[in-house]
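Engineer: Starting off with a structure, shown below.
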Amino acid sequence: EAKRKGVSKIKCFTSNLQTQLERHLYLEKGLRHALEHDQFELVLQPQWRLEDQGLTGFEALLRWHAGADGMISPFEFIPVAEKTGLIVPVGEWVVSKVCEYLREWKQHGVSDCRIALNVSPLQLKSGKFVEALESMAVAHGVALDQIEVEVTEESLLDGVEEHGRVSNELVRLRELGVKIAIDDFGTGYSSLRYLRQFPADIVKIDKSFVSEGSVALKESEICTAIVTMARSLGMEVIAEGIETTEQLSSLREIGCSLGQGYLVSMPLSFEEASDCVLQGRTDSKKQ
Ligand code: C2E
Ligand code: MG
Ligand code: MG
Ligand code: MG
């Protein structure tokens, strides 16, 4: 009896593996197809001052419209892109889109809006990312200080050697004027000393702390600690995933100055984002 159960467990385990492997291969093939057939879209989520909800910039988030399969979440396809190395061409597509967007706004007279893009450590380790970004920005006539690069705290903790390589690339980006943000901060295990060595301008408080912020004291204490630490290092702080006015006001109370989240806006299409940006321009001209 026990033996039979064991066998069926193994069968179940292997069929799970089989399914995972099939899904992986399916997505890998799909990603190649997506690159060739223009199935990606880069949406933009507004970032704003907590004080008056004034727009400061956007985070670019990748969307995959996978034909009959509908939308596939980046939580599912980014890991596949990373494992297969496809993140490099996908990431280049993202950079070129960001440059196109910024060029378009510049042509309409707006050149002070920032766009942050997410970068995998693998892209940085490829050694070609910095040049690619620089040459695309130059080709589009875009100022490099309008571009921000987000790397997750977790990815910075990859091991000493790896960390050295990633860190070098970030230093080079920073020398070009690109801003560096540490994403999902608080979910990794970096120490204050570690953070001090790190070439970063902005810390993004992970949404898991924000969502509990007004309810659980512990979470809000973590947010307070992050804000205090970032300030003492001269870094900006942005909270992600703000959904309620309660969260907004408790973040303001602890001295966080910037935010992002459904409370103010979902990620927008380029056309919608442009309306916000160009609207802001005409408003400020009226004053
Ligand atoms: P992330 O960089 O931490 O992005 C924030 C995620 O939170 C986004 O999910 C965003 O849509 C979502 N979000 C924004 N506001 C709220 C809110 O108020 N409440 C909640 N619950 N969620 C909110 P998304 O777009 O599904 O992206 C998931 C992750 O995939 C990103 O996390 C990022 O790590 C990765 N990703 C997305 N685009 C790219 C990309 O172009 N390149 C790379 N390497 N990774 C990407
Ligand atoms: Mg991000
Ligand atoms: Mg994040
Ligand atoms: Mg995240």
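The values are calculated or read from the model by the stated rules, or taken from the named source; none is laboratory data. Keep in mind it's a predicted model, so treat the numbers as computed, not measured. Note that we place each Cβ from the backbone using ideal geometry, even for glycine, and neighbour counts take in every protein chain shown.
Engineer: Only residues that are away from ligand 2 (no atom under 16 Å from the Cβ) and on the phi < 0 side of the Ramachandran plot: list them for the range 251-272, please.
Structural biologist: Looking only at the range 251-272, we keep the residues that are away from ligand 2 (no atom under 16 Å from the Cβ), and these are 251-257, 263-264, 269-272.
Those that are away from ligand 2 (no atom under 16 Å from the Cβ) and on the phi < 0 side of the Ramachandran plot: 251, 252, 253, 254, 256, 257, 263, 264, 269, 270, 271, 272.
Engineer: Any residue that is small (Gly, Ala, Ser), surrounded by 15 or more Cβ atoms within 10 Å (Cβ to Cβ) and under 17 Å from residue 183 (Cβ atoms) - is there at least one of those in the range 125-142?
Structural biologist: Within the range 125-142 (the criterion being small (Gly, Ala, Ser), surrounded by 15 or more Cβ atoms within 10 Å (Cβ to Cβ) and under 17 Å from residue 183 (Cβ atoms)), the answer is no, since none of the residues qualifies.
Engineer: Given (1) more than 16 Å from ligand 2 (Cβ to nearest atom); (2) surrounded by fewer than 17 Cβ atoms within 10 Å (Cβ to Cβ), identify the lone condition not met by residue 187.
Structural biologist: Of the numbered conditions (1) more than 16 Å from ligand 2 (Cβ to nearest atom); (2) surrounded by fewer than 17 Cβ atoms within 10 Å (Cβ to Cβ), the odd one out for residue 187 is (1).
Engineer: Also: Say whether the condition of being at pLDDT below 95, within 23 Å of residue 102 (Cα to Cα) and within 16 Å of ligand 4 (Cβ to nearest atom) is met by at least one residue in the range 124-137.
Structural biologist: First pass over the range 124-137, keeping only residues at pLDDT below 95: 124-128.
Applying the additional criterion that residues be within 23 Å of residue 102 (Cα to Cα) yields 124, 128.
From what's left, within 16 Å of ligand 4 (Cβ to nearest atom): none.
No.
Residues checked against (1) away from ligand 2 (no atom under 16 Å from the Cβ); (2) of a type outside the set (D, E, K, R); (3) touching an Asp or Glu at 6+ places or on another chain (Cβ under 7 Å); (4) within 15 Å of residue 118 (Cβ to Cβ):
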site	(1), (2), (3), (4)
28	yes, no, no, no
33	yes, yes, no, no
41	yes, no, no, yes
55	yes, yes, no, no
58	no, yes, no, yes
63	no, no, yes, yes
66	yes, yes, no, no
79	no, yes, no, yes
82	no, no, no, yes
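Engineer: Given the conditions (1) surrounded by fewer than 17 Cβ atoms within 10 Å (Cβ to Cβ); (2) of a type in the set (A, V, I, L, M, F, W, C); (3) modelled with pLDDT of 95 or more, which single one is not true for residue 160?
Structural biologist: The failed condition is (3).
Engineer: Across the range 28-52, which residue is nearest to residue 247 (Cα to Cα) among those that are of a type in the set (Asp, Glu) and not in a strand (DSSP E or B)?
Structural biologist: So in the range 28-52, the residues of a type in the set (Asp, Glu) come out as 28, 36, 38, 41, 51-52.
Add one more test, that the residue is not in a strand (DSSP E or B), and what stays is 28, 36, 38, 51-52.
Values: 28: 39, 36: 42, 38: 38, 51: 13, 52: 15 Å.
In this case the residue turns out to be 51.
Engineer: Restricting to the range 231-244, give me the number of residues that are more than 16 Å from ligand 1 (Cβ to nearest atom) and either within 18 Å of the chain's Cα centre (by Cα) or surrounded by 23 or more Cβ atoms within 10 Å (Cβ to Cβ) (or both). Steps first, answer last, please.
Structural biologist: So the first thing to find is which residues in the range 231-244 are more than 16 Å from ligand 1 (Cβ to nearest atom), and the list is 231-236.
Next, from what is left, pick out any that are either within 18 Å of the chain's Cα centre (by Cα) or surrounded by 23 or more Cβ atoms within 10 Å (Cβ to Cβ) (or both): 235-236.
The total comes to 2.
Engineer: Does residue 151 count as touching a strand residue (DSSP E or B) at 6+ places or on another chain (Cβ under 7 Å), surrounded by 22 or more Cβ atoms within 10 Å (Cβ to Cβ) and at pLDDT below 95? Even if it seems obvious, please write down each step before you answer.
Structural biologist: On the way: touching a strand residue (DSSP E or B) at 6+ places or on another chain (Cβ under 7 Å): yes; surrounded by 22 or more Cβ atoms within 10 Å (Cβ to Cβ): yes; at pLDDT below 95: yes.
Spelling it out, residue 151 is indeed touching a strand residue (DSSP E or B) at 6+ places or on another chain (Cβ under 7 Å), surrounded by 22 or more Cβ atoms within 10 Å (Cβ to Cβ) and at pLDDT below 95.
Engineer: Quick one: which helices (runs of 4 or more DSSP H) sit completely within the range 53-170 and have at least 1 residues that are touching a Leu at 6+ places or on another chain (Cβ under 8 Å) and of a type in the set (Gly, Ala, Ser)? Can you show your working first?
Structural biologist: Details: elements: 74-84, 87-107, 121-125, 129-140.
So the answer is 74-84, 129-140.
Engineer: Among the candidates 102, 27, 44, 55, which residue alone is of a type outside the set (Gly, Ala, Ser), in contact (Cβ under 8 Å) with a residue 12 or more places away in the chain, closer than 27 Å to residue 251 by Cβ and buried (at least 20 other Cβ atoms within 10 Å of the Cβ)? Can you show your working first?
Structural biologist: Working: 102 fails: closer than 27 Å to residue 251 by Cβ; 27 fails: closer than 27 Å to residue 251 by Cβ; 55 fails: buried (at least 20 other Cβ atoms within 10 Å of the Cβ).
Answer to the check: 44.
Engineer: Another one. Can you name the helices (runs of 4 or more DSSP H) wholly within the range 191-287 that have at least 2 residues being modelled with pLDDT of 90 or more? Outline the logic, then answer.
Structural biologist: Numbers: elements: 192-197, 207-210, 217-232, 245-253, 270-286.
Qualifying helices (runs of 4 or more DSSP H): 217-232, 245-253, 270-286.
Engineer: Please verify whether residue 83 is touching a residue at least 24 places away in the same chain (Cβ under 8 Å), more than 30 Å from residue 237 (Cβ to Cβ) and either out of contact with any Pro (no Cβ under 8 Å at 6 or more places or on another chain) or β-branched (Val, Ile, Thr) (or both), treating the condition exactly as stated.
Structural biologist: Values: touching a residue at least 24 places away in the same chain (Cβ under 8 Å): yes; more than 30 Å from residue 237 (Cβ to Cβ): yes; either out of contact with any Pro (no Cβ under 8 Å at 6 or more places or on another chain) or β-branched (Val, Ile, Thr) (or both): yes.
Spelling it out, residue 83 is indeed touching a residue at least 24 places away in the same chain (Cβ under 8 Å), more than 30 Å from residue 237 (Cβ to Cβ) and either out of contact with any Pro (no Cβ under 8 Å at 6 or more places or on another chain) or β-branched (Val, Ile, Thr) (or both).
Engineer: Right, something else. Mind telling me which of the residues 148, 131 ends up being within 19 Å of the chain's Cα centre (by Cα) and acidic (Asp, Glu)?
Structural biologist: Values: 131 fails: within 19 Å of the chain's Cα centre (by Cα).
From the options 148, 131, the qualifying one is 148.
Engineer: Mind listing whichever residues of the range 170-188 are within 16 Å of ligand 3 (Cβ to nearest atom), at pLDDT 95 or above and of a type in the set (A, V, I, L, M, F, W, C)?
Structural biologist: Within the range 170-188, the subset within 16 Å of ligand 3 (Cβ to nearest atom) is 179-188.
Pick out the ones that are also at pLDDT 95 or above and you get 179-181.
The answer is 180, 181.
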